[in-house]
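Trainee: Okay, handing you the structure first.
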Amino acid sequence: MMKDEILSFVRDMKPRDHVIMFYSNPGDKREVLFAYLKAGLDQGDAGAYVATEESPDEIRMAMKRYGLDVNGLEKSGALQVLHYKEFYFKGGTFSIPRTMGLWKKLLDEAIARGFKGIRVTGEMACFFQERNVKELVEYEKALHRVLEIPMTAICAYDTN
């Protein structure tokens with residue numbers, strides 16, 4: 001796929017779509033994920049980004065350079081930028097049921113605030129850093145089996 005096709009594809013994702021994205025350049029990762037989140041925000045969805053390789057503040061700064069009003073979006077509840085330890089490894093360990101519950105909670109909160117849905121993305125390198133590869137495989141399988149949660153998701157993997 002060419003870059004324009006990829007950007008068009010992620011912009012057009014719908015609830016219950018789950019995509020695994022591989023990248024080798026952090027700039028390409030940001031461009032695709034930010035275009036994906038912006039498309040959802042423009043359509044009335046909330047967005048959540050779980051950061052691993054960069055800190056939440058680095059992601060926020062990159063989002064601002066991309067043209068997103070991060071402060072305004074966070075203040076309205078439209079956008080959350082989270083550290084993986086606050087989400088995937090909350091309490092120090094990974095749990096598929098807890099993580100699925102957290103996704104459902106984010107969706108429910110977004111709907112309660114008047115958003116149509118939620119677009120989520122996570123950098124998955126934390127599972128390798130935390131030596132939870134087996135759990136990661138089970139989680140990805142669960143997402144494909146269970147994406148009964150009507151959210152849109154991109155799991156981002158650094159090929160390096």
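Trainee: Amide H to amide H under 5 Å from Val50: which residues, 5+ apart in sequence or cross-chain, H placed 1.01 Å off N in plane?
Mentor: Those lying under 5 Å, H to H, from Val50 are Leu82, Thr121, Gly122, Glu123.
Trainee: Provide the net charge surrounding Ala39, with neighbours chosen by a C-beta distance below 13 Å and charges set as Lys +1, Arg +1, Asp -1, Glu -1.
Mentor: Details: positive: Arg11, Lys14, Lys38, Lys116, Arg119; negative: Asp12, Asp17, Glu31, Asp42, Asp45.
Net local charge, Ala39 excluded: 0.
Trainee: Starting with the highest mean, order 149-156, 106-113, 84-91 by the number of other Cβ atoms within 10 Å, averaged over the residues of each peptide.
Mentor: Working: 149-156: 20.9, 106-113: 15.8, 84-91: 17.4.
Going from most to least packed, we get 149-156, 84-91, 106-113.
Trainee: Ok, one more. Hey, any idea what % of region 1-107's accessible area is carbon plus sulfur with a 1.4 Å probe? Numbers along the way, then the final one.
Mentor: Numbers: 2890 of 5400 Å².
Of the solvent-accessible surface of region 1-107, carbon and sulfur hold 53 percent.
Trainee: Taking amide hydrogens as modeled 1.01 Å from N in the peptide plane, which residues meet the under 5 Å criterion relative to Asp17, leaving out close sequence neighbours?
Mentor: Residues meeting the amide H criterion: Ala153.
Trainee: Quick one: Karplus J couplings for region 107-120, per residue in order, coefficients 6.51, -1.76, 1.60, θ = phi - 60°, nearest Hz, x for Gly and Pro?
Mentor: 5, 4, 5, 5, 4, 4, 7, x, 7, 6, x, 8, 10, 10
Trainee: Excluding ligands, DNA and RNA, what is the solvent-accessible area per residue of the chain at a probe of 1.4 Å, expressed in Å²? Intermediate values should be presented prior to the final figure.
Mentor: Values: 8080 Å² over 160 residues.
With the other protein chains kept in place, the chain gives 51 Å² per residue.
Trainee: For Ile6 and Ile111, calculate 0.36 nm times their separation in residues minus their Cα-Cα distance, and state this gained length in nm to one decimal. The partial results should precede the final answer.
Mentor: Values: separation 105, 0.36 × 105 = 37.80 nm, distance 2.78 nm.
So the extension gain works out to 35.0 nm.
Trainee: Continuing with the same structure: With N set to the residue count of region 1-91, report its C-alpha Rg divided by 2.2 N^0.38 Å to two decimal places.
Mentor: On the way: Rg = 13.1 Å, N = 91, 2.2 N^0.38 = 12.2 Å.
My calculation over the Cα atoms of region 1-91 gives 1.07.
Trainee: What is the list of residues in region 15-50 whose amide nitrogen lies under 15 Å from a point 7 angstrom out from the Cα of Asp158, following Cα to Cβ?
Mentor: Residues 22-31, 50 fall inside that zone.
Trainee: Using the Karplus curve 6.51 cos²θ - 1.76 cosθ + 1.60 with θ = phi - 60°, work out ³J(HN,Hα) for each residue of region 23-39 in order, rounded to whole Hz, and write x for Gly and Pro.
Mentor: Per-residue couplings from phi come out as 9, 10, 10, x, x, 5, 4, 4, 4, 5, 5, 5, 4, 4, 5, 4, 4 Hz.
Trainee: Compute the Cα gyration tensor for region 53-160, then decide on rounded, prolate or oblate, letting a ≥ b ≥ c be the square roots of its eigenvalues: rounded whenever a/c is under 1.5, prolate when a/b is larger than b/c in the other cases, and oblate in all that remain.
Mentor: Numbers: a/c = 1.91, a/b = 1.24, b/c = 1.55.
Judged from the Cα gyration tensor, region 53-160 comes out oblate (a/c at least 1.5, b/c at or above a/b).
Trainee: Compare the Cα positions of Ala153, Gly117, Pro97 along the charge dipole of region 62-160 (+1 at Cβ of Lys, Arg; -1 at Cβ of Asp, Glu; about the Cα centre) and return the one farthest towards the positive end.
Mentor: Gly117
Trainee: Oh, and also: On a 26 Å Cα-Cα criterion, which of the cross-link pairs Lys14/Lys105; Lys3/Lys75; Lys3/Lys105; Lys75/Lys134; Lys3/Lys85 come out too long? Before the final figure, lay out each step's value.
Mentor: Numbers: Lys14/Lys105 19 Å; Lys3/Lys75 32 Å; Lys3/Lys105 33 Å; Lys75/Lys134 37 Å; Lys3/Lys85 31 Å.
Lys3/Lys75; Lys3/Lys105; Lys75/Lys134; Lys3/Lys85, as the Cα separations exceed 26 Å there.
Trainee: Charges at C-beta only: +1 for Lys and Arg, -1 for Asp and Glu. How large is the resulting dipole of the chain about its Cα centre, in Debye rounded to 20? Numbers along the way, then the final one.
Mentor: Values: 23 positive and 24 negative charges, 77 e Å.
Around 360 debye, computed over the chain.
Trainee: What's the center-to-center distance, using Cα atoms, between region 112-144 and region 1-24 in Å?
Mentor: Value for the Cα centre distance between the two parts: 16 Å.
Trainee: Hey, another quick one. In whole Hz, with x marking every Gly and Pro, tabulate ³J(HN,Hα) for region 65-78 from phi via Karplus 6.51 cos²θ - 1.76 cosθ + 1.60, θ = phi - 60°.
Mentor: 4, 6, x, 7, 7, 4, 4, x, 5, 5, 4, 7, x, 6
The values are calculated or read from the model by the stated rules, or taken from the named source; none is laboratory data. What you are looking at is a predicted structure, and each value in this text was computed from that prediction instead of being measured. Heads up, the Cβs are rebuilt from the backbone with ideal geometry, glycines too, and the neighbour counts pull from every protein chain shown. We work out accessible area using only protein heavy atoms, side chains counted, and drop any ligands, DNA or RNA first. Shrake-Rupley method; radii C 1.70, N 1.55, O 1.52, S 1.80 Å.
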